[in-house]
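Heads up: the structure comes next, in structure tokens.
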Amino acid sequence: MRQRKLRNLDQKYEAYEDLIIDKPDETRGHWAELAAERMGCKGKIPPLYVEIGCGKGKFISELAEKEKDHCFVAIEGNKSVMLRAMQKIRAKGLKNVLFVPELAGDLSEWFAKGEVTGIYLNFSDPLPKNYWYKRRLTYRYRLKSYFEVMGEDGRLVFKTDNTDLFNWSVLETVAADLVIEELTRDLHADPELSKDNIETEYEAKYSKLGQTIKRMIIKRRVS
Ligand code: SAH
């Protein structure tokens with residue numbers, strides 16, 4: 001049954017070959033160039049943004065639609081979930097999103113130094129058991145690796161409804177010697193901060209259930 005499921009998924013993936021990057025390590029240093037080629041921009045290299053764990057793609061598809069001059073890389077470890085995200089991009093006729101169907105680890109294996117302008121972590125898995133802490137996407141060494149691939153002005157935007165994960169991530173940010181530029185524990189209650197907010201699938205679901213949405217924007221320390 002599982003074999004058949006996988007075969008079906010592979011067949012479905014064939015229709016999206018132009019959106020998928022199977023060997024992200026081989027694209028290291030050439031992402032924006034590649035995206036520019038696919039976007040049909042002449043001579044101009046667009047700024048590159050990455051979402052880790054794009055889920056069904058509500059966020060990335062709306063952001064890419066709004067920011068047509070930017071290019072986006074959506075990374076998602078769950079292939080069937082990612083299929084839904086690719087369908088959204090295709091339905092909107094967007095050319096500025098590329099997909100990586102893999103679990104992200106050390107980002108510097110896939111992106112060159114300074115290649116990325118911004119990174120989004122939306123509703124990352126909380127992995128609540130203590131011994132899982134290294135797998136959380138906001139673990140201090142992962143945070144450091146994100147800033148290795150971002151330029152001077154790079155920003156990491158992290159949203160979650162999970163209070164424990166959020167508090168832990170604040171401490172990890174400090175431990176990684178990074179700076180919290182902006183922090184809110186109730187994004188939707190702040191008209192100024194939520195003005196340009198794009199809701200993710202989880203965000204819509206959990207805020208409807210009465211959870212507040214926490215967000216922080218992290219930058220590099222300038223000494
Ligand atoms: N961002 C979406 C989905 C959140 S659920 C939203 O806000 O609605 C978290 C997602 O991250 C899951 O789909 C999971 O498969 C994916 N994920 C978890 N760890 C990952 C990793 N290391 N690399 C890529 N995707 C990951």
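The values are calculated or read from the model by the stated rules, or taken from the named source; none is laboratory data. Since the structure is predicted, the reported quantities are computational estimates derived from the model, not experimental observations. For neighbour counting, all protein chains shown are included, and Cβ atoms are generated from backbone atoms with ideal geometry for every residue, glycine included. Note: accessible area is taken over every heavy atom of the protein model, side chains too, but ligands, DNA and RNA are not part of it. Shrake-Rupley method; radii C 1.70, N 1.55, O 1.52, S 1.80 Å.
Data for the structure
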item: The listed residue being touching a strand residue (DSSP E or B) at 6+ places or on another chain (Cβ under 9 Å) and small (G, A, S), out of A91, A64, A15; result: A64
item: Filtered residues of segment 124-151 (kept if surrounded by 15 or more Cβ atoms within 10 Å (Cβ to Cβ), touching a residue at least 60 places away in the same chain (Cβ under 8 Å) and within 14 Å of the ligand (Cβ to nearest atom)); result: S124, L137, L143
item: Residue in segment 3-23 that is in a loop (DSSP other than H, G, I, E, B), closer than 12 Å to P101 by Cα and under 16 Å from the mean Cα position of the chain (by Cα) present; result: yes
item: Test: T160 is within 11 Å of the ligand (Cβ to nearest atom), in contact with a strand residue (DSSP E or B) (Cβ under 9 Å, 6 or more places away or on another chain), open to solvent by less than 20 Å² (accessible area, probe 1.4 Å) and under 24 Å from C71 (Cβ atoms); result: no
item: Any chance S169 is more than 15 Å from R220 (Cα to Cα) and either out of contact with any helix residue (DSSP H, G or I) (no Cβ under 6 Å at 6 or more places or on another chain) or among the aromatic types (F, W, Y) (or both); result: yes
item: Exclusive hit being near the ligand (Cβ under 9 Å from one of its atoms), in contact (Cβ under 8 Å) with a residue 24 or more places away in the chain, closer than 24 Å to T160 by Cβ and open to solvent by less than 10 Å² (accessible area, probe 1.4 Å), set L103, L121; result: L121
item: Residue in segment 170-185 that is under 14 Å from I213 (Cα atoms), among the basic types (K, R) and surrounded by fewer than 19 Cβ atoms within 10 Å (Cβ to Cβ) present; result: yes
item: Given (1) within 16 Å of the ligand (Cβ to nearest atom); (2) farther than 18 Å from D186 by Cα; (3) open to solvent by 10 Å² or more (accessible area, probe 1.4 Å), number of the condition R155 does not satisfy; result: (1)
item: Qualifying residue in segment 45-54 (condition: away from the ligand (no atom under 16 Å from the Cβ) and farther than 27 Å from E203 by Cβ); result: yes
item: Residue match in segment 200-218 (condition: under 17 Å from G105 (Cα atoms) and open to solvent by less than 30 Å² (accessible area, probe 1.4 Å)); result: no
item: Failed item, numbered, when A204 is tested on (1) out of contact with any Phe, Trp or Tyr (no Cβ under 9 Å at 6 or more places or on another chain); (2) within 16 Å of the ligand (Cβ to nearest atom); (3) in a loop (DSSP other than H, G, I, E, B); (4) hydrophobic (A, V, I, L, M, F, W, C); result: (3)
item: Filter result (open to solvent by 40 Å² or more (accessible area, probe 1.4 Å), closer than 28 Å to E201 by Cα and not basic (K, R)) within segment 18-38; result: D18, D22
item: Verdict on D177 being over 22 Å from G55 (Cβ atoms) and without any contact (Cβ under 8 Å) to a residue 24 or more places away in the chain; result: no
